[in-house]
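The values are calculated or read from the model by the stated rules, or taken from the named source; none is laboratory data. Predicted model, so just to flag it, every value in this text is computed and none were measured. Positions of Cβ are generated from backbone atoms using ideal geometry, with glycine treated the same way; all protein chains shown enter the neighbour counts.
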Amino acid sequence: MAELLEMKSITKVYPNGIVANYKVDFSLEEGEIHAVVGENGAGKSTLMKILFGMHSPEEGDIFLRGEKIELASSNKAIEKGIGMVHQHFMLVPSLTVAENIVLGIEPKRSFLFDKEKAIKITEELAKKYNLKVDPRALVKDIPVGLKQKVEILKALLRGAKILILDEPTAVLTPQETGELFRELKVLKEKGHTIIFISHKLKEVKALCDRLTVMRNGRNVGVHQVSDVTEEDISRLMVGRDVILKVEKGTALPKETILQVKKIKQKNQFGQTVLNNVSFSLKAGEILGIAGVEGNGQRELVEVLTGLLNLTSGEIYVKGNLINNYSIKAIRDLNISHIPEDRMTYGVAEKMSIENNLIADKYDKEPYSKKGILNIKHIKKKTVEQVEEFRIKCNSPLQEVKMLSGGNIQKVVVAREFSSDPELLIADQPTRGIDVGATEFIRKRIIHLRDQGAGVLLVSADLNEVMELSDRLVVFFNGEIYAYFSDTSNLTEEELGLYMLGVKRQNNEIIRGAIYEEQ
């Protein structure tokens, strides 16, 4: 393959003095699928944002087909044929698929938007690249897998020959991931070059030709994917051996700690997003909830934690009916919550790590007494948690927003675990973080279970939800479609069929998710 793009000696230093990239070299060969892997904070996202014109480096040069180029903005990158599909989609939910794809470059007829022309453009583009979408469907009504395709088509319409994909399979089922991989291989055959950023090493092995490993802001090696194992890659990323498979003993369930009885929830548009959902959870076990994003899991977590007022049904924690409890009253029942959206609900991004770590306990002894903060104790515990949870930072007084995504997640996890909860509601606890941090958080969840806490685990990572869970329910369209009292013989492919609504168990099996009180 011919060399298509080179980034030479790229250095990026953020205003707070953090060196995100240091003299990084990176190259692409034309027509390859190239993985970029590394721990959170390793510098891979910064490097790709530089390539897409979102950041400017302090040092270094970028060459496209041997010619030096300047990428002062994303528009300049797009002009050069570089496109990026972000992990969090940049789509307008109220617009149609076609309207989203042509947004900003809309076809006109007599100075007015030509809707039929937009539909035709979308249909022709989708056919060319075998990315099947309905141009007339509203984006808010289509599943996550199709939203991913819309984002890719947007980039292709704007002339992207180099396509950067940031964690593209984070919320996809195995079936949707397999379909995406087939489509990416079609793009490769048509001459496109793809950069694949992922923490899922199995997928890197299945899809990519070469990989670049980032560690501590540096490029520590480029390898042919066929020459390295998943264990090799994780060792290169972390600098030590990582246990990729979850190791846990048999659960020893105790008393019922959470009961959910026939709950229903409607959204702001009056649509039913939870429909007659019932299950229970005991102390000393992990109950997993699997499902494609947008099938009621978020609303379930929000009603359990007081972020949403329940439409109907009953929720009991330790025998207390909590339907009308405030968020603080729920947390005072010794409940911890790792939210899916860490930036909105997990942290106050402009406050320090220290303040975020005590946000749920600053008004309790020994952190304070009679309204006066115990500064000495706070600083001692904060330093201990930064060390224990391996939060990479300059100091506990550093603003949280200056940390990498994975380290922000560690701040959330450190705060929630350090409260010694009786019930942990963990929503996507390892999303978007590296293998080392994932291994650490999963071990802590199992430790919490073994200490007698009940854990409700919501995860789009099928490997995670299957390996960590002692029991498992599957959500589809706001309902429980399947229940498994044992996940040892369950495959990702079978689970995916229930997640997509292709299969559904009978009600008698689903009733097993409820512990009948004696």
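Remarks
- Apart from one condition, residue 299 fits all of (1) surrounded by 13 or more Cβ atoms within 10 Å (Cβ to Cβ); (2) within 26 Å of the chain's Cα centre (by Cα); (3) not assigned by TED's automatic domain parsing to the domain that holds residue 278; the exception is (3).
- Residue 333 being within 24 Å of the chain's Cα centre (by Cα) and closer than 30 Å to residue 282 by Cβ: no
- Qualifying residue in the stretch 472-487 (condition: among the hydroxyl-bearing types (Ser, Thr, Tyr) and crowded, with 22+ Cβ neighbours inside 10 Å): yes
- Of the residues making up the stretch 67-74, none is modelled with pLDDT under 90, touching a strand residue (DSSP E or B) at 6+ places or on another chain (Cβ under 6 Å) and assigned by TED's automatic domain parsing to the domain that holds residue 216.
- If you check 63, 89, 26 for being part of a loop (DSSP other than H, G, I, E, B) and hydrophobic (A, V, I, L, M, F, W, C), only one passes: 89.
- Residue in the stretch 153-171 that is touching a residue at least 60 places away in the same chain (Cβ under 8 Å), in a loop (DSSP other than H, G, I, E, B), under 24 Å from the mean Cα position of the chain (by Cα) and at positive phi present: yes
- Matching helices (runs of 4 or more DSSP H) fully within the stretch 400-481 where at least 1 residues are without any contact (Cβ under 8 Å) to a residue 12 or more places away in the chain: 435-450
- Boolean, residue 20 is surrounded by 14 or more Cβ atoms within 10 Å (Cβ to Cβ), without any contact (Cβ under 8 Å) to a residue 40 or more places away in the chain, among the aliphatic types (A, V, I, L, M) and not in a loop (DSSP other than H, G, I, E, B): no
- Residue among 241, 232 that alone is of a type in the set (Asp, Glu) and either at pLDDT 85 or above or assigned to a strand (DSSP E or B) (or both): 232
- Looking only at residues of the stretch 279-304 that are at pLDDT below 95 and assigned to a loop (DSSP other than H, G, I, E, B), we find that the one that is farthest from residue 176 (Cα to Cα) is 296.
- Residue count, the stretch 445-466 (criterion: of a type in the set (A, V, I, L, M, F, W, C) and at positive phi): 0
- Residues of the stretch 364-389 satisfying the condition of being part of a loop (DSSP other than H, G, I, E, B) and loosely packed, with under 13 Cβ neighbours inside 10 Å: 364, 365, 366, 370, 371
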